[in-house]
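Let me begin by presenting the structure, written as structure tokens, before commenting on it.
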Amino acid sequence: MRIAHVTDIHVERLPSVGECLNKRAAGALHLYVLGRASHFTRAAQEAMVAAVVAAEPDLVLCTGDLTATATEAEFAGAAALLAPLRERFDWLVIPGNHDVYTDESVGRFARHFGEVAPVRVERRGAWDLVLVDVCHPDWLSRGWLGEGGLALLDAALQAGDRPALVALHYPLRNRRGERYGPPTRACSDADAIEAICLRHPRVRMVCHGHEHHGFRTVAPRPGDDLPILDPGAGGYAWLPERGRTAHFCVYELDDTALIGVERQAFDGEVFAPEKGGAFATGG
Ligand SMILES: [Fe+2]
Ligand SMILES: [Fe+2]
């Protein structure tokens, strides 16, 4: 089975003044006054979609941040952009923190991309794909699964022995293999989520986004470290002078394990396999 993993596409539309009477005011300041909007471009987003179509995966997995501040216009834009992937391929998606940016935006993701649950298990081939939603509106951009969600995750992994891929938006560890931080931009119960994943040996890989410069790390496990993968932002502008560009991954899975990773990078015009192999060029 070949899974294309895309994340952090960040479709942006300038919000109206009326849409900025909340946390979105700070987001719009960052995006349109301090220039973060230029970090994501339609050229990269559209090239990413074309490259995933060309890769012909069995399934597309998206780990959130489809929008910048979760307005109706951004969700409509993201839905239109991603239509070729949703129409052609088996498509699984979870929201990111930017997709539930404000209290008033809650429900918008579900209307455009389908219902979400704290823990959802999808059977594909020999695998269980376990989708974990830890995102909530929060001024400090924190995520959490909570006691109830942690119990659901543990129970879901207890039920069965098929190999499992766990997907969530936030990283469990940083690129050096340490706990991810700072706490204001992280998942508060990442430790507990990872402990549950390690307790169930059928978990064979973890996929996430949120950190826009991708990386691959592991959670140590005796004899069988658990791979943790973030392709990096799929909508990132091509800014070679800053060492930034967009990426996505294609994972090759056999009936028991992850056996191959290809990472594609945007060169300003098209996506192509990363020079030197997946993650060889860093973020
Ligand atoms: Fe993001
Ligand atoms: Fe994020």
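The values are calculated or read from the model by the stated rules, or taken from the named source; none is laboratory data. Computed from a predicted model, the values in this text were never measured in an experiment. With ideal geometry, Cβ positions are generated from the backbone for all residues, glycine too; neighbour counts draw on all protein chains shown.
Among residues of segment 158-190 being of a type in the set (Lys, Arg) and in contact with a Lys or Arg (Cβ under 8 Å, 6 or more places away or on another chain), the one that is surrounded by the most Cβ atoms within 10 Å (Cβ to Cβ) is Arg173. Quick test for you: out of Ala44, Ala70, pick the one residue that is within 15 Å of ligand 1 (Cβ to nearest atom), within 30 Å of Val270 (Cβ to Cβ) and not in a helix (DSSP H, G or I). Testing whether each residue is within 15 Å of ligand 1 (Cβ to nearest atom), within 30 Å of Val270 (Cβ to Cβ) and not in a helix (DSSP H, G or I) leaves just Ala70. How about segment 175-194: which of its residues are touching a residue at least 12 places away in the same chain (Cβ under 8 Å) and more than 14 Å from ligand 2 (Cβ to nearest atom)? Within segment 175-194, Arg175, Arg176, Gly177, Arg179, Pro183, Ser188, Asp189, Asp191, Ala192, Ile193, Glu194 meet the criteria. Check whether at least one residue in segment 3-17 is assigned to a helix (DSSP H, G or I) and either touching a Leu at 6+ places or on another chain (Cβ under 6 Å) or modelled with pLDDT under 95 (or both), and report yes or no. For segment 3-17, residues assigned to a helix (DSSP H, G or I) and either touching a Leu at 6+ places or on another chain (Cβ under 6 Å) or modelled with pLDDT under 95 (or both): present. Looking across segment 228-253, the residues that are in contact (Cβ under 8 Å) with a residue 24 or more places away in the chain and of a type in the set (Asp, Glu) come down to Asp230, Glu252.
Pairs linking a residue in segment 83-112 that is of a type in the set (Ser, Thr, Tyr) to a residue that is buried (at least 16 other Cβ atoms within 10 Å of the Cβ), with Cβ atoms under 6 Å and 6 or more positions apart or on different chains, are Tyr101/Thr69; Tyr101/Ala70; Thr102/Asn22; Thr102/Lys23; Thr102/Arg24; Thr102/Pro137; Ser105/Ala70.
Looking only at segment 144-157, decide whether some residue is within 16 Å of ligand 2 (Cβ to nearest atom), closer than 24 Å to Gly234 by Cα and either under 19 Å from the mean Cα position of the chain (by Cα) or surrounded by fewer than 21 Cβ atoms within 10 Å (Cβ to Cβ) (or both).
For segment 144-157, residues within 16 Å of ligand 2 (Cβ to nearest atom), closer than 24 Å to Gly234 by Cα and either under 19 Å from the mean Cα position of the chain (by Cα) or surrounded by fewer than 21 Cβ atoms within 10 Å (Cβ to Cβ) (or both): present.
Considering segment 95-110, the residues that are over 15 Å from the mean Cα position of the chain (by Cα) and within 15 Å of Ala76 (Cβ to Cβ) include one that is surrounded by the most Cβ atoms within 10 Å (Cβ to Cβ), namely Ser105.
Evaluate segment 48-66: report whether one residue or more is in a loop (DSSP other than H, G, I, E, B), more than 24 Å from Leu152 (Cα to Cα) and of a type in the set (Ser, Thr, Tyr). Looking through segment 48-66, none of the residues is in a loop (DSSP other than H, G, I, E, B), more than 24 Å from Leu152 (Cα to Cα) and of a type in the set (Ser, Thr, Tyr).
Inside segment 191-218, residues that are surrounded by 16 or more Cβ atoms within 10 Å (Cβ to Cβ) and within 16 Å of ligand 1 (Cβ to nearest atom) make up a count of 8.
Does Ala78 satisfy the condition of being in a helix (DSSP H, G or I) and either away from ligand 1 (no atom under 13 Å from the Cβ) or among the aromatic types (Phe, Trp, Tyr) (or both)? No: the conditions fail for Ala78.
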